[in-house]
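Reading through the structure tokens given below for one structure.
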Amino acid sequence: MDLHKRRGCIKVSKELLEEAHIDFLKLFFSNFYPINIETIEFDNKIFYGYSEHFDISIEGESNQYDATINSKEKTIVFSKI
């Protein structure tokens, strides 16, 4: 799999990072591999990185995704915005 072609970004709130349960963080970061983090308004972050769940991107393109986590089933779904 060409993981380097499956790049995208996810906007993450400061509150989510500060209040997230360890199981959420483990699930999120085992499916998304950040390579750059940009701080934007109100200390929110944009995580740029790779995921096998992302669509293949054209060179220079970085699609934005939402991450939906089902804690009960311990699954994560990335949806392109």
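Bear in mind that the values in this text are calculations on the coordinates, not laboratory data. None of these values were measured; they are calculated from a predicted model. We place every Cβ from the backbone using ideal geometry, glycine too, and count neighbours over all the protein chains shown.
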- Task: Provide the net charge surrounding Ile81, with neighbours chosen by a C-beta distance below 14 Å and charges set as Lys +1, Arg +1, Asp -1, Glu -1.
- Result: -1
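Which trypsin sites (Lys or Arg not before Pro) from segment 51-81 combine a DSSP loop assignment with at most 13 other Cβ atoms within 10 Å?
Details: sites: Lys72, Lys74, Lys80; in loops: Lys72, Lys74.
Counting only loop positions with at most 13 other Cβ atoms within 10 Å, the trypsin sites (Lys or Arg not before Pro) in segment 51-81 are Lys72, Lys74.
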- Query: Where nothing but the Cβ of Lys and Arg (+1) and of Asp and Glu (-1) is charged, how large is the charge dipole of the chain around its Cα centre, in debye to the nearest 20?
  - Reply: 220 debye
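Give me the tail of P(r) for the chain as a percent: Cα-Cα pairs with distance above 20 Å. Present the calculation step by step, with values, prior to reporting the outcome.
On the way: 962 of 3240 pairs.
Cα-Cα pairs of the chain separated by over 20 Å account for 30 percent.
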- Per-pair calculated FRET efficiency, R0 = 30 Å: Glu41 and Leu3 via Cβ, rounded to 0.05: 0.50
- Using a simple spin-label model with points 7 Å from Cα along the Cα→Cβ vector, what separation in nm is obtained for Gln64 and Phe24? 2.0 nm
- Item | Neighbourhood charge, 10 Å Cβ-Cβ cut-off, centred on Ile10 and excluding it, Lys, Arg +1 and Asp, Glu -1 | +1
- Let me have the 222 nm mean residue ellipticity of the chain computed from DSSP H runs of 4+ only, each contributing -39500 (n - 2.57), with the sum over all residues rounded to the nearest 500. -4500 deg cm²/dmol
- Message: For the chain, set up a GNM with springs between Cα atoms under 10 Å and report which of Asp66, Asp55, Asp23 has the largest fluctuation.
- Response: Asp23
- Item | Exposure rule at most 13 other beta-carbon atoms within 10 Å, DSSP loop GluC sites (Glu not before Pro): the chain longest free segment | 1-51
- Tell me, Tyr33, Tyr65 in order of fewest to most beta-carbon neighbours within 10 Å? Tyr33, Tyr65
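In which sequence would Val12, Val77 go, from the one with the fewest C-beta neighbours within 10 Å to the one with the most?
Details: Val12 17, Val77 12.
Ascending Cβ contact count within 10 Å gives the list Val77, Val12.
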